[in-house]
1. From the residues in the stretch 217-258 that are at pLDDT 95 or above and among the acidic types (Asp, Glu), which one is nearest to Trp169 (Cα to Cα)?
2. Would you point out the residue of the stretch 129-156, among those that are within 16 Å of the ligand (Cβ to nearest atom) and among the small types (Gly, Ala, Ser), that is most open to solvent (accessible area, probe 1.4 Å)?
3. I need a count of the residues in the stretch 181-205 that are part of a loop (DSSP other than H, G, I, E, B) and under 19 Å from Trp169 (Cβ atoms).
4. Of all residues in the stretch 62-96 being within 16 Å of the ligand (Cβ to nearest atom) and assigned to a loop (DSSP other than H, G, I, E, B), which is nearest to the chain's Cα centre (by Cα)?
5. Could you say which residue among Leu181, Leu163 is over 16 Å from the mean Cα position of the chain (by Cα), without any contact (Cβ under 8 Å) to a residue 40 or more places away in the chain and open to solvent by less than 20 Å² (accessible area, probe 1.4 Å)?
6. One residue is enough: does the stretch 111-124 have a residue meeting the conditions within 25 Å of Asp146 (Cβ to Cβ), assigned to a helix (DSSP H, G or I) and among the charged types (D, E, K, R)?
7. So, in the stretch 25-61, exactly how many residues are open to solvent by 50 Å² or more (accessible area, probe 1.4 Å), more than 15 Å from the ligand (Cβ to nearest atom) and more than 21 Å from Asp147 (Cβ to Cβ)?
8. Is it the case, given these coordinates, that Tyr159 is closer than 18 Å to Asp226 by Cβ and more than 16 Å from the ligand (Cβ to nearest atom)?
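The values are calculated or read from the model by the stated rules, or taken from the named source; none is laboratory data. Note that this is a predicted model, so its numbers are computed, not measured. When we count neighbours, we look across all protein chains shown, and the Cβ atoms used for this are built from the backbone with ideal geometry, even at glycine. Keep in mind that these areas ignore ligands, DNA and RNA; they rest on the heavy atoms of the full protein, side chains included. Shrake-Rupley method; radii C 1.70, N 1.55, O 1.52, S 1.80 Å.
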Amino acid sequence: MRSPAVASGKIYCMRILISNDDGYLAPGINALAEALAPIAEIVVVAPDSNRSGASNSLSLDRPLSVQRAANGFYFVNGTPSDCVHVALTAILDYKPDLVVSGINNGPNMGDDTLYSGTVAAATEGFLFGIPAIAFSQGTYGWEHIDDAARHARDLIQRYYDTLPRPCLWNVNIPNRPYEQLNAVVATRLGRRHQSEPVIKAKDPRGKDIYWIGPPGACKEAGEGTDFHALAAGKTSITPLQIDLTHTSQLSALAKALA
Ligand code: MN
């Protein structure tokens, strides 16, 4: 662990950057910041509004502005990836020990992780070589969010020193009271069926509009998957990687192109 940092008279052993995709006003990021404040020097840099589903997008077509809320949180008119990118390259004059994202309103499991802004914020930290963890609650609605945040702090305190470097964890926490958050399992991502089709409607001027439909039902949710863990009331931790290369197709393609 790095040498202690001193801020506002307190001595901390860790410096943690916190972001999310639900926006800087979301209960999840507030609960997380509150839970981590006693154990680390924290900086919060989050989108100014809900950017769920933003995935790993960076805003390249316009400048970003950073503002500071009364509680000290920074907020950015951009995506989760923008926030972490700006934090790491402009706001902070040091490399944090950990990037944490969430706690998201609702799950990020299986194929959802590809679209998730929560996972994307953590991924941005990971791409900068910093250990990164994305936290989500298994069910929408913020029930037991303070319990989830306390549990997230426990996981960081328990496992930070042993995390492989670099590492990117996708953590989903069931909506339960703290006392019932004791089972934690390592998982692989499950799979979903194809998404439901878009929902077609008319705007007030009679023009066709389309709402993106809900995700598909679980397809691979057996033992060992994140879906299976949450269904059993357990916290799921999936270690992620970013390399999208389909290694087993590579040699066949090379042969076909030769
Ligand atoms: Mn979200």
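1. That would be Asp226.
2. Gly141
3. 6
4. Once the filter is applied, the top-ranked residue is Thr79.
5. None of the others qualify; the one that does is Leu163.
6. Within the stretch 111-124 (the criterion being within 25 Å of Asp146 (Cβ to Cβ), assigned to a helix (DSSP H, G or I) and among the charged types (D, E, K, R)), the answer is yes, since at least one residue qualifies.
7. Count: 3.
8. So Tyr159 passes the test.
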